[in-house]
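Here, each number is a calculation from the coordinates, and none is a lab measurement. No experiment lies behind these values; they were computed from the predicted model shown. Cβ placement follows ideal geometry from the backbone for every residue including glycine, while neighbour counts extend to all protein chains displayed.
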Amino acid sequence: MAQDGAEARAHALHGLVDDGVLTPSQATAVTEALRAAEDSGAGVRWTELVGFLGGGLVFAGAVALVSASWDDLTQVLRTTMLVAVSLVAAVGGLVAAGERLLGSATMTDARRRIAGTLFVLTACTAAMAMGVALEPDSFLAPTLVGLVLAVAGYAAAPTVVGLLACAVFSLWAVTSTWDFFGAWNSSLPYGLSVLALGLVWAVVALSGVLPNRRVGLGVGAALALLGVQVPLSDTDLAEVFYGLTLVVAALALLLYRWERSWILLVTGVIGVTLAVPEAIWDWTDGAIGGAAVILVAGVVLLAASGLGLLLHRERPSVESSDTTA
C-alpha cells in the first residue's frame, strides 16, 4: 500500500513537471520532503506504540499482582493503592500535556494521546478509589468523580479514548442517579433520561465544541437509540417508545439534509429498521411470527437504505473530519 502511494505521488509530480507547474528540481525537493516526513512519522508512531504496549504490560502486571492479594487487604489499603495509581497517572498526564496547559507551546499528537490515555486512567482509578472507600454505599459519588475527571482530562488533552470515557461516565451517572433515588421498578425514567442525554451529546457535537466531532455525534446517536429501546421491555409503554424510535430516526434523517454526516444517516436507517417491525409485532400482538418479523425488518431496511441513498445524492457531502484521534 505504501509503495502504491509512493508511485501515485511520483506519477502526479511527473505530471506537474510535464505541465510546467513544477521544475524537475522542485519535484525532487517535494519527493525528498515527503519521504523525510513519512520516515519521521513512522518512527514516532512505532515509539509511541512500544510505549503504550510497555505501559499496558506494567498496568496488567500490577493489576494481576494486586488482585492476587486483594481480598487480604483492608479497605483503607485498597483505597490508598487506587489513590496512588490515580495520582501517578495524573502526574504523568500533566507532564505530557504540561506545555499546552501552560500555554507556552502546542502539544504534539503523540504527547496528546499519551496524556489523554493517562487522564482516562486517572478518572477510572479515582472513581474506583471512591467506590472502595464508600463501600457498600451508592455508586453515585464515584461516578460523578469519574465524570468530572474524565471531562477535565478531555479538555486538557482531547482524544477519542477520552471522549468515550466521558460518554461511559455520563451514562453511568444518569443510571446511578435513578438508582440513588430508588427508581428500580420502572424502565421509564432510565429510558427518558438516556434519550435526553443522547440529545445533549448530539447538540454539543453539532455545535462544533468537540474536537472529535463525529465521535461525539456517534455517542449521541447511540445513546438516543438506547434510551428509546430499553423501556420496550415494559409492554405498557411499547407504543410510546417505538414511536419515539421513529421520531429519533426521522430527526436524524432531517438533520442529515444540513449536516452531511454518515452517522446521522446510519442512525436514521437503524431507527426505522427497529421501529417498524416492533410496531407491526405490537399491532398484531405477535401473531405474524418471528419469520415474518425478520422479513418485514429486511424490507424496511432496504427501503430505509434506499431513502438514505436518495438523501445522500441530493447534494455533495461536506462532512467535516475530526481534528484529533
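So what's region 73-185 giving for Cα Rg divided by 2.2 N^0.38 Å, two decimals? With N residues counted in region 73-185, Rg over 2.2 N^0.38 Å equals 1.15.
Remark: spin-label model distance ALA196-LEU237 equals 1.3 nm, labels positioned 7 Å along the Cα→Cβ axis.
Here region 73-185 is treated with +1 on each Lys and Arg Cβ and -1 on each Asp and Glu Cβ, and its dipole about the Cα centre works out to around 340 debye. A cut-off of 5 Å between modelled amide H atoms, ignoring neighbours fewer than 5 places along the same chain, links ARG260 with VAL318. Treating r as the C-beta distance of THR31 and ALA110 and R0 as 35 Å, the FRET efficiency rounds to 0.85. For VAL148 and ARG9, a Förster radius of 45 Å and the Cβ-Cβ distance give a FRET efficiency of 0.45, rounded to the nearest 0.05.
For the pair ALA68 and THR284, the difference between a 0.36 nm per residue extended length and the Cα-Cα distance amounts to 72.3 nm.
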